[in-house]
1. Can you tell me how much longer the chain between Val43 and Leu113 gets when fully stretched, taken as 0.36 nm per residue apart minus their C-alpha distance, in nm with one decimal?
2. Whole-Hz Karplus ³J(HN,Hα) for the range 87-92, in order, using 6.51 cos²θ - 1.76 cosθ + 1.60 and θ = phi - 60°, x for Gly and Pro?
3. When the Karplus curve 6.51 cos²θ - 1.76 cosθ + 1.60 is applied with θ = phi - 60°, which whole-Hz ³J(HN,Hα) does each residue of the range 150-167 get, with x for Gly and Pro?
4. Using the Kirkwood formula on the Cα atoms of the chain, what hydrodynamic radius do you get, in angstrom to one decimal?
5. Note the angle between two axes, namely the Cα long axis of helix 218-242 and the longest principal axis of the Cα atoms of the chain, as a number of degrees from 0 to 90, rounded to the nearest 10.
6. Select from Phe239, Phe134, Phe69 the residue whose mean-square fluctuation is largest in a Gaussian network model of the chain (Cα-Cα springs shorter than 10 Å).
7. Given R₀ = 25 Å, FRET efficiency for Val193-Ala222 by Cβ-Cβ distance, to 0.05?
8. Mind putting a number on the dipole of the range 70-207 about its Cα centre? Charges go on the C-beta only, +1 for Lys and Arg and -1 for Asp and Glu, and I need it in Debye to the nearest 20.
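The values are calculated or read from the model by the stated rules, or taken from the named source; none is laboratory data. Because the structure is predicted, anything quoted here is derived from the model rather than measured. As a convention, Cβ positions derive from the backbone with ideal geometry for all residues, glycine included, and neighbour counts pool all protein chains shown. Please note that ligands, DNA and RNA were not included when accessible areas were found on the heavy atoms of the full protein model with its side chains. Shrake-Rupley method; radii C 1.70, N 1.55, O 1.52, S 1.80 Å.
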Amino acid sequence: MKYSFVTQQLVQRELKRKYSRSRLGILWSVLNPLLSMAVLSLVFSTMFRKSIENYPVYYLTGLILWNFFTGATNAAMTSLADNRTLLLQTRFPRAVFPLSRVLASFVNFLYSLAAYAVILAVFSIRPVWTMVLFVPIVALLGLFAMGVGFLLSILYAYFGDIRHLYGVLLTLWMYLSALFYPVSLLPETMQKVIGENPIYCYIAAARDCMMYGQVPPAGLWARMVLWAVFVFWAGSRCFLKNQGKIIQSL
C-alpha cells in the first residue's frame with residue numbers, strides 16, 4: 001500500500017495520544033472490559049442465571065465487539081477536524097485519517113482479547129474449531145465500522161453537533177444490542193427488531209462460535225455481509241464525493 005507508512009504513523013500517534021496521561025497505558029484495554037464485566041455480572045448474573053449460562057462470558061463477548069465499534073466510529077468521526085493542519089499541508093488521501101482511527105481501535109480490541117481469553121479459560125470454555133469464525137466476524141464488523149466512520153467524519157465536518165446526537169443514538173443502539181440480557185425474554189416483536197440490528201448480528205454470531213461451538217446460521221451470515229458491504233460502500237462513496245469540499249467547513 002502506497003501510504004501504509006503514513007497510516008502506520010497515524011495509528012501510533014493515536015495510540016500514544018489516547019494513553020499519554022495514563023500510567024497504566026494500554027493495559028486499560030485489558031482492564032476496562034474486565035471491570036465492566038465484573039460490575040454487570042454482579043448486577044445481572046443472578047437475574048439471568050436460568051436464561052444465560054456463563055453470564056460473564058456472554059456479556060464480555062458482546063462488550064468487546066461493542067467497544068470496538070463505538071471506539072472506532074467515535075474516533076473516526078473527528079479524524080478530519082482533528083487533523084485540519086495536515087489536511088492543508090499534505091496531499092495524501094484524506095481517507096487515511098478515519099482509516100487510521102479505526103485501525104487504532106482495532107489494536108485496542110486486540111489487547112482486549114487478552115482479557116477475553118482469560119475469562120474463556122476461567123469458565124472452562126474449551127477451544128473448538130468454530131472459534132476461527134470469530135476472525136471473519138470481526139473483519140465484517142470492522143468493515144461496517146469503517147463505513148459508519150466515513151459517514152460520520154463528513155457529517156462532523158459540516159455539522160459539529162452530530163457528535164452529541166451520535167452519543168444519544170449509541171445509548172439507544174446499545175440497549176438494542178442485547179449486551180447484558182437474553183433476547184428470548186423479550187416479546188416476539190422486540191426480538192424481531194433486535195434481530196435486524198446489525199451490531200446484534202455480529203454479537204450473536206460471535207456468541208454462537210465462541211461460547212456454544214456452533215456455526216452461525218446462514219441467514220445471520222447473509223445479514224452480516226450485507227450490512228458490512230452496503231454501509232462500507234455508502235460511507236466510502238459519500239466520503240469520496242465530499243472530501244474535496246470539507247476544508248472550507250473545518
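1. Details: separation 70, 0.36 × 70 = 25.20 nm, distance 2.33 nm.
22.9 nm is the gain from fully extending Val43 to Leu113.
2. Per-residue couplings from phi come out as 4, 7, 9, 10, 10, 6 Hz.
3. 4, 4, 5, 5, 6, 4, 5, 5, 9, 9, x, 5, 4, 4, 6, 5, 5, x
4. Numbers: mean 1/r = 0.0523 Å⁻¹.
Here the Kirkwood hydrodynamic radius works out to 19.1 Å.
5. Roughly 20 degrees between the two axes.
6. Among Phe239, Phe134, Phe69, the largest GNM mean-square fluctuation belongs to Phe134.
7. Working: r = 18 Å, r/R0 = 0.73.
Rounded to the nearest 0.05, the efficiency is 0.85.
8. Numbers: 8 positive and 4 negative charges, 63 e Å.
Using only the charged Cβ atoms, the result is roughly 300 debye.
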